[in-house]
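Worksheet: one structure, shown below.
Read the figures in this text as sums done on the coordinates, not as results from a lab. This structure is a prediction, so every number in the text was calculated from the model and none was measured. Glycine gets a Cβ as well: all are built from the backbone with ideal geometry, and neighbour counts include every protein chain shown.
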Amino acid sequence: MKIGILGVGHLAEYLVRGAVGVEFVLSPRSGDKAAKLAESHRCAVAESNQAVVDLCDMVLVCLPAATGLALLEGLKFRDGQSVCSAMAGVSYAALTASVAPAEAFCAMMPGFANAFSAGPSLLYPGDAEWEAFLALLGPVHRFADRQAFETAAVFGAMSGASVFLLRHLARWYERQRLDAVTARRLVAETFRGNAEVLLQSDSGLDEIAVGVTTPGGITEQLVGVLDQRGALAAWDEAMDAVLARMVPGR
Ligand SMILES: NC(=O)c1ccc[n+]([C@@H]2O[C@H](COP(=O)([O-])OP(=O)(O)OC[C@H]3O[C@@H](n4cnc5c(N)ncnc54)[C@H](OP(=O)(O)O)[C@@H]3O)[C@@H](O)[C@H]2O)c1
């Protein structure tokens, strides 16, 4: 599998690290990042963005969302080519228009977790080749329904925000004089363990929540304070705001 990447920043590096065995052709910009990645992961660096497109049938777009579409419009794509965008909030219709006559696909993923092949990816619409690529980076969710994809794609922000939550919790332990390594591991292992419960248990979410909450106990106390302060409800407000930004009018 040979994939050209336009935009070699954070996301591109994570995906190159995770997708072992794929032959990548990188766009040349981004300081010396493309050159370093080429050296450490045996990728080629093309002479220009157009050269990336000319050399590869599959092109992955990891450009800044604000400027990416305009840049794609300035490139010449061909029939039979396949372009997948990971740019948050770029509409499928706009992407399709900017890469015609190539086929267009939208994806979303957490980024860093994909470097460890542990990050879920979303793909709209389904495509065997892009699914095979994304499967190297973690579980893949294929969408036939555009609106469902757009809703699910809010998880890009949810994923990033969860890192802030994990850091916030680790810092609380550190302020209580727990050493940083133990704090970090404790927080990560706790969330990983509970994620495994959601993935492996047949119980519903409400049943799981009841099961971990002793009446009058410490979980009930902690959730009570968070609820009183609107901390859990604030997630709804924040997710709504991201969805409205990514899909204006929704
Ligand atoms: N970071 C993540 O984990 C993540 C996860 C999911 C989706 N995404 C999406 O992925 C995209 C990239 O995000 P990022 O975090 O990787 O951003 P980033 O680190 O800023 O990377 C973007 C890269 O694109 C390069 N670039 C800008 N204009 C270019 C041009 N005309 N030609 C070639 N390259 C150009 C930039 O180069 P310069 O540095 O030289 O400007 C930069 O290296 C965004 O649309 C974002 O929504 C990111």
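For segment 209-241, the residues whose backbone nitrogen is under 17 Å from a point 7 Å from the Cα of HIS168, taken along Cα to Cβ, are 222-241. Measuring between their Cα centroids, segment 37-76 and segment 139-194 lie 30 Å from each other.
Backbone geometry of segment 131-142 corresponds, through the Karplus equation with coefficients 6.51, -1.76 and 1.60 at θ = phi - 60°, to 3J(HN,Hα) couplings of 5, 5, 5, 5, 5, 6, 10, x, x, 10, 10, 9 Hz, x marking Gly and Pro.
Tell me the volume per residue, in Å³, of the convex hull enclosing the alpha carbons of segment 155-246. Kindly include the intermediate steps, with their values, before the conclusion.
Values: hull volume 12.1 nm³, N = 92.
Cα-based convex hull of segment 155-246, divided per residue, equals 131 Å³.
Comparing mean-square fluctuations of ALA51, ALA102, ALA128 from a GNM of the chain with C-alpha springs under 10 Å, the top value falls on ALA128.
Over the C-alpha trace of the chain, radius of gyration and Dmax come out as 20.6, 65 angstrom.
The coefficient of translational diffusion for segment 2-144, derived via Stokes-Einstein from the alpha carbon Kirkwood radius under 37 °C and 0.692 mPa s, stands at 223 µm²/s.
The Cβ shell under 13 Å around ALA135 holds other residues with a net charge of -2, Lys and Arg each +1, Asp and Glu each -1.
Taking other Cβ atoms within 10 Å as a rough exposure proxy, THR214, THR182, THR151 sort from fewest to most as THR214, THR182, THR151.
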